[in-house]
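Down below is the structure, laid out as structure tokens.
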Amino acid sequence: MDRTLKAISLLLSYPTEELQRAMPEIGGVLASDTRLTAAARRALRPLVTELGERDIYDLQEQFVSLFDRSRTLSLNLFEHVHGESRDRGGAMVSLVETYRAGGFEPVTSELPDHLPVLLEFLSTRPEAEMQEMLGDAAHILEALATRLMRRESSYAPLFAALLQVARATPDSEAVAALLEEPEVDPDDLEALDEVWEESEVRFGPDPNAGCPQVRDMLARMDTPVTPAPAE
């Protein structure tokens, strides 16, 4: 099990009090991963501290403003590639088949291409497969990191860390193409309506579903890590 991918998946999940209580353990996992540079590990500390200490309602409002109201910061990866085209449905089916072939059934109301869900799956896969799948999304991760850095968000280092774990180098032209899409003020509701048009805007998790994703992932945080074979 790759505990770092699990930890990052949790950090990118909707904040809960349960998640706050797990911050010391999650911070320890990230601080001990030698795949990350010392600078990358230091850069993750402010987010871990923030999620552990700030008022939970402020954290939830911040999360919604960043990742649910802004299409350019969506954690649904296919949103950045296919938008609302029919191709997205086919890609989603293919991803679900990949999950099932790996014996993985997401316990969440989120879509299969939701980044925390993908990371939870990849935390169970061999290193090479994990690096290949994250490498395929490297340009999206880099674009998200850039947009979050522009907003001075403490979430930005998470995406840089994922690129290091995957040993991925994003295609600069693909990143530039993604960054050409204009960003919209998340508080400008009229502009948001125009951007999303017929797309369903989801503000946080399904209120009737509880938080099974976070709960179950936290329960598995103490799974021993199998070291990757030396190259």
- Item | Verdict on residue 203 being modelled with pLDDT of 95 or more, surrounded by 12 or more Cβ atoms within 10 Å (Cβ to Cβ) and on the phi < 0 side of the Ramachandran plot | no
- Qualifying residues in segment 136-179 (those that are hydroxyl-bearing (Ser, Thr, Tyr) and assigned to a loop (DSSP other than H, G, I, E, B)) - the one surrounded by the fewest Cβ atoms within 10 Å (Cβ to Cβ): 169
- Cβ-Cβ below 7 Å, separation at least six or inter-chain, first residue in segment 1-16 and surrounded by fewer than 24 Cβ atoms within 10 Å (Cβ to Cβ), second part of a loop (DSSP other than H, G, I, E, B) and among the charged types (D, E, K, R): which pairs? 4/33
- Query: Quick one: is residue 129 crowded, with 19+ Cβ neighbours inside 10 Å and either assigned to a helix (DSSP H, G or I) or modelled with pLDDT of 95 or more (or both)?
  - Reply: no
- Task: Just name the residue that is surrounded by the most Cβ atoms within 10 Å (Cβ to Cβ) out of those in segment 35-45 that are part of a helix (DSSP H, G or I) and touching a helix residue (DSSP H, G or I) at 6+ places or on another chain (Cβ under 8 Å).
- Result: 44
- Item | Subset of segment 19-34 (residues that are in contact (Cβ under 8 Å) with a residue 24 or more places away in the chain and exposed (fewer than 12 other Cβ atoms within 10 Å of the Cβ)) | 24
- Task: Determine whether residue 89 is part of a loop (DSSP other than H, G, I, E, B) and surrounded by fewer than 17 Cβ atoms within 10 Å (Cβ to Cβ).
- Result: no
- Mind checking which residues of segment 61-78 are under 12 Å from residue 144 (Cα atoms) and outside any strand (DSSP E or B)? 66, 67, 70, 71, 72, 73, 74, 75, 77
- Breaking point among (1) within 19 Å of residue 117 (Cα to Cα); (2) crowded, with 19+ Cβ neighbours inside 10 Å; (3) in contact (Cβ under 8 Å) with a residue 40 or more places away in the chain, for residue 81: (2)
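The values are calculated or read from the model by the stated rules, or taken from the named source; none is laboratory data. This is a predicted model, so every value here is computed, not measured. For neighbour counting, all protein chains shown are included, and Cβ atoms are generated from backbone atoms with ideal geometry for every residue, glycine included.
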